[in-house]
1. Filtering the range 92-120 down to residues that are outside any helix (DSSP H, G or I), more than 9 Å from the ligand (Cβ to nearest atom) and not hydrophobic (A, V, I, L, M, F, W, C), which residue is nearest to Asp8 (Cα to Cα)?
2. Which one is nearest to the ligand (Cβ to nearest atom), of the residues in the range 26-56 that are more than 19 Å from Ala122 (Cβ to Cβ) and in contact with an Asp or Glu (Cβ under 8 Å, 6 or more places away or on another chain)?
3. Quick one: Asp52 ticks every box in (1) of a type in the set (Asp, Glu); (2) within 23 Å of Trp143 (Cβ to Cβ); (3) not in a helix (DSSP H, G or I) bar one, so which box is it?
4. Output the residue which, of all residues in the range 168-216 that are hydroxyl-bearing (Ser, Thr, Tyr) and under 21 Å from Ala139 (Cβ atoms), is surrounded by the most Cβ atoms within 10 Å (Cβ to Cβ).
5. Of the residues in the range 5-19, how many are at positive phi and within 10 Å of the ligand (Cβ to nearest atom)?
6. Just checking, which of Arg85, Arg46 is surrounded by fewer than 22 Cβ atoms within 10 Å (Cβ to Cβ), of a type in the set (Lys, Arg) and in contact (Cβ under 8 Å) with a residue 24 or more places away in the chain?
7. For residues that are surrounded by fewer than 24 Cβ atoms within 10 Å (Cβ to Cβ) and in contact with a Phe, Trp or Tyr (Cβ under 6 Å, 6 or more places away or on another chain), tally how many sit in the range 4-30.
Amino acid sequence: MDFVIAVDGPAASGKGTVAVGLGRRFALPVLDTGLLYRAVGVGVVRIGGDLDDEGFAARVASGLDAGALEDPAFRTRAAGEAASRVAVHPAVRQALKDFQRMFALQKGGAILDGRDIGTVIAPEAPAKLFVTASPEVRAQRRWKQLQAEGTTYQEVLADIHKRDERDSGRAAAPLVRAEDAVLLDTSQMTIDEAADAARRIVEAARARWEASSRPG
Ligand code: C5P
């Protein structure tokens, strides 16, 4: 595996922004793995399926066009909710695994952000971050992004609590910090400060990785 950065954390923790910033700094491609689960959730709903039907959701996941993740419908609150419901199914996670693994193993390295990158998808990643923030701060950030939907802050906060519970409580690849992931709490940070802190953590990991992969 080349230089892979695993960025995990709960909803709206800032991990997406951190991952994109790292992508620029290290000139690495970034995969937002949440979009895969969002695409499956939206796909199931669009064809009138049941999000709790594992077999159905897994078939949608197997047929997913991972090259077409730019649909704005994947960014909505409903898509986030649908994503976390299909994400509890082991067969869905399995169907999405190969694509994520291939992305991680590409020549030159890669960055993946999600919930289980450092624990399941790329446990051997040389750099791992666990990005978090308090539920209130995360709800505030998500609420600002969702203004166009006319949602209230209280609704978004309730969503965040529900999503945390579902993501952390599920049996299949729950959201947990990998033992060797560096914790980055962005509650008191601006976006730039979080990106900066992440950059420093990864620069240190990269120096260690380079030293250890040097021949002799
Ligand atoms: O990160 P994002 O909010 O887009 O993820 C949507 C949902 O997809 C999460 O709440 C989680 O349930 C699921 N997910 C996951 N594993 C990942 C990425 C996302 O279970 N690697």
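1. Applying the first criterion (outside any helix (DSSP H, G or I)) to the range 92-120 yields 106-116.
Those left that are additionally more than 9 Å from the ligand (Cβ to nearest atom): 106-111.
Pick out the ones that are also not hydrophobic (A, V, I, L, M, F, W, C) and you get 106-109.
Numbers: Gln106: 19, Lys107: 22, Gly108: 21, Gly109: 17 Å.
Ranking the candidates gives Gly109 first.
2. Going through the range 26-56, the residues more than 19 Å from Ala122 (Cβ to Cβ) turn out to be 38-56.
When the remaining residues are screened for being in contact with an Asp or Glu (Cβ under 8 Å, 6 or more places away or on another chain), the result is 39, 41-42, 44, 56.
Details: Ala39: 10, Gly41: 8, Val42: 11, Val44: 13, Phe56: 17 Å.
Checking each candidate, the answer is Gly41.
3. For Asp52, the failing item is (2).
4. At the first step, the residues of the range 168-216 found to be hydroxyl-bearing (Ser, Thr, Tyr) are 168, 186-187, 190, 212-213.
From the residues that got through so far, the ones that are under 21 Å from Ala139 (Cβ atoms) too are 168, 186-187, 190.
Values: Ser168: 12, Thr186: 25, Ser187: 14, Thr190: 10.
Per the criteria, the residue is Thr186.
5. Within the range 5-19, the subset at positive phi is 9, 12, 14.
Now drop any that are not within 10 Å of the ligand (Cβ to nearest atom), which leaves 9, 12.
Counting residues in the range 5-19 that are at positive phi and within 10 Å of the ligand (Cβ to nearest atom) gives 2.
6. On the way: Arg46 fails: in contact (Cβ under 8 Å) with a residue 24 or more places away in the chain.
Exactly one of Arg85, Arg46 is surrounded by fewer than 22 Cβ atoms within 10 Å (Cβ to Cβ), of a type in the set (Lys, Arg) and in contact (Cβ under 8 Å) with a residue 24 or more places away in the chain, namely Arg85.
7. Going through the range 4-30 one residue at a time, the tally reaches 0.
Here, each number is a calculation from the coordinates, and none is a lab measurement. Every value quoted in this text rests on a predicted model; they were computed, and no experiment measured them. Counting neighbours? That spans all protein chains shown, and the Cβs are built from the backbone with ideal geometry, glycine included.
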